[in-house]
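Here the structure is laid out as structure tokens; the discussion comes afterwards.
The values are calculated or read from the model by the stated rules, or taken from the named source; none is laboratory data. Every value quoted in this text rests on a predicted model; they were computed, and no experiment measured them. Using ideal geometry, Cβ is built from the backbone for each residue, glycine included, and neighbour counts are taken over all protein chains shown. Remember, those area values only see protein heavy atoms, side chains included, never the ligands or the DNA or RNA. Shrake-Rupley method; radii C 1.70, N 1.55, O 1.52, S 1.80 Å.
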Amino acid sequence: MYCCKVTTLKSPPYLPHSKQRRMSVSFSHFSIPFSESSIASSISLSTGAANNFQLLRGSCLVLHGGASDLCQRFRGLKLRILKRLNCRQHVPANDLKRIRNQDKDQPENPSRNDEQISEAALTIPSSNGSTEEQTRTTSQPKKSTLPPLVQTNSSNLNVDDNHERPSLCIAVIGATGELAKNKIFPALFALYYSGFLTENVGIFGYSRKDLTDEDLRSLIASTLTCRIDHQQNCGDKMDAFLSRTYYLNGGYDNKEGMSKLNSRMEQIEAGYPANRIFYLSVPHEALPDVASSLADNAQTKKGWNRIIIEKPFGFDAVSSQLFTKSLLSKFEEKQIYRIDHLLGRNLIENLTVLRFSNLVFEPLWSRTYIRNVQVILSEDLSMPLGRYFDGYGVIRDIVHSHILQTIALLAMEPPISLDGEDIRNEKVKVLRSIRDLEPSDVILGQYKATSGDKVDVSLSSRTPTFFAAALYIDNARWDGVPFMIKAGVGLIKHRVEIRIQFNSVPGNLYRERIGHNTDLATNELILRDEPDEAILVKINNKIPGLGLNLDASELNLLYKDKYNVEVPDSYEHLLLDVIDGDNHLFLRSDELAAAWNILTPVLQWIDQNNIAPELYELGGRGPVGSYYLWAKHGVWWADD
């Protein structure tokens, strides 16, 4: 009989990920019998805990160790087995990526549990009974005849203990704010309900208000909803999530408050290793002190720590550089996740998939075939402005992160892998290649509102609510191709899309049938996120019937017709990326600096010359000057 034995004191604090769920019970040992007729059998140690191992005839795997280091050894265990057996085994790319991300966050000197015993030993008996290493083993268990194949020692199971002890703690700093109540907590519950968070996760709310655990639970309960497409056990899941939610009044001294938070988290963690995520949902002016106090007083030494920072990421290049320097003096770059919820949309994630996995598009992705690119984000009257918008405007709020990051993902060279750092390396090259913006290629606008309009009318006279510009990327792939960007609020409708217009067909045989307006016959790829997510390809087609009449038609993939699923909120997507250690949609410090280098001269030009934005009607199409800007660069304006 072939067997696998695992001996441990407690179950390790596994981190959940997007494809698998972890076993949440502790055990003394288990054995897996195999048929003697099998030459090579594949076993799975636990759900999501390890990949399948290939064991040859007569082999027996024995593992001893404490809970604090078992998870780390499991990640490399399979490779060591394969190396000793001189076998080849396929490892899924997603698993390798997750292992790398977890390894990067391991502290250099991880703390050890007091109950830890000796290091694991791998024993592979040979045919003559000798072993490669001497190790203490337990007696051979009897063969089980009951499914499943895994047989546990029921006397050592302690499910309740493992349920109470979290392997991941998430703290929301600024827990009583609107963003936390309406977006962050609902996103965390959606991940919990869908199985992307372990059931023993610890959720902590931190603010200056005098509340209790029950007060916080009551505050956020009304904002939690279950998935439309699967609402089984919704009430039970919600009660379980709320029971794992705790509150701490941090007071007005952040250092003392963070020390209290750390003590509360350690109390819930009960001294066992656990990872921590801190979501800083606080005003920008409070970020430096909160981040510094957190770094000194609330980080765990028994796992990795990650912090999430909301936009805006500074006021200009100088302020952003100072804040970045302050952050990097307390945290490593790999710990910092600068979040922009607009980058969590499916459209953004699909950019690289569409380009790099479809041969029909990749050869066309250059100045040879593409005439211009338009990135459009317009928000209607239903989109409320953040309270900080008057001081920052549309340039700092939307253009700096969302628009420039979209262009970087769209225009970057193929990365060497899908690893987050490889993608970020290519993005920053694009940002550094963008030509300095000329004032004549920039249009500023501000909506005209009255007291009767349900919008913020307290904007200063020079706060732009609309921004349009023509960008050029000075590299071999995109030389001479205008990237037209348009971002505004208070416009006629909510619209988020990317339009890629191709060059005209040289020597087109049907030019007489097309007529004088060749722009209407230009092939176009449209990636639309709002109002209805879709991928559209505009082509020229013959109208059925006698005669030869051409028409510009659209081949469309409408997501709501093709995929009968509820699209997760962008905060769910990005929070799951943080948990998994996938940072490709988050700005790195050098990306942040490169983006500010593009926009800071424009902001200085506005301030130094007291440039007043062009007024436009609330609920209209934006400033008239933007139409002239499109015409100046030979770009056909897409109808709203």
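Worth pointing out:
- Hits in the stretch 179-196 (condition: open to solvent by less than 30 Å² (accessible area, probe 1.4 Å) and either basic (Lys, Arg) or not in a helix (DSSP H, G or I) (or both)): Gly195
- When Asp580 is tested against (1) closer than 26 Å to Arg432 by Cα; (2) within 20 Å of the chain's Cα centre (by Cα), just one condition goes unmet, and that condition is (1).
- All of (1) buried (at least 18 other Cβ atoms within 10 Å of the Cβ); (2) at pLDDT 90 or above; (3) in a helix (DSSP H, G or I) hold for Tyr206 with one exception: (3).
- Residue within the stretch 396-419 that is modelled with pLDDT of 90 or more, among the acidic types (Asp, Glu) and assigned to a helix (DSSP H, G or I) present: no
- Only residues that are at pLDDT below 85, farther than 30 Å from Arg338 by Cα and of a type in the set (Val, Ile, Thr) were counted across the stretch 524-578, and they come to 1.
- Residue check for Ser293: more than 24 Å from the chain's Cα centre (by Cα) and surrounded by 18 or more Cβ atoms within 10 Å (Cβ to Cβ): yes
- Scanning the stretch 423-444 for residues that are of a type in the set (A, V, I, L, M) and either within 24 Å of Val635 (Cα to Cα) or open to solvent by 30 Å² or more (accessible area, probe 1.4 Å) (or both) returns Val430, Leu431, Ile434, Leu437, Val442, Ile443, Leu444.
Per-residue answers, yes or no, for (1) modelled with pLDDT under 90; (2) in contact with a Phe, Trp or Tyr (Cβ under 9 Å, 6 or more places away or on another chain); (3) closer than 18 Å to Asp551 by Cβ:
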| position | (1), (2), (3) |
| --- | --- |
| Arg477 | no, yes, no |
| Phe483 | no, yes, no |
| Val496 | no, no, no |
| Gly507 | yes, no, no |
| Arg511 | yes, no, yes |
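- Test: residue in the stretch 319-328 that is under 25 Å from Asp215 (Cα atoms) and either in contact with a strand residue (DSSP E or B) (Cβ under 8 Å, 6 or more places away or on another chain) or open to solvent by less than 20 Å² (accessible area, probe 1.4 Å) (or both): no
- Pro166 out of contact with any His (no Cβ under 8 Å at 6 or more places or on another chain) and either over 30 Å from Tyr563 (Cβ atoms) or open to solvent by less than 10 Å² (accessible area, probe 1.4 Å) (or both): yes
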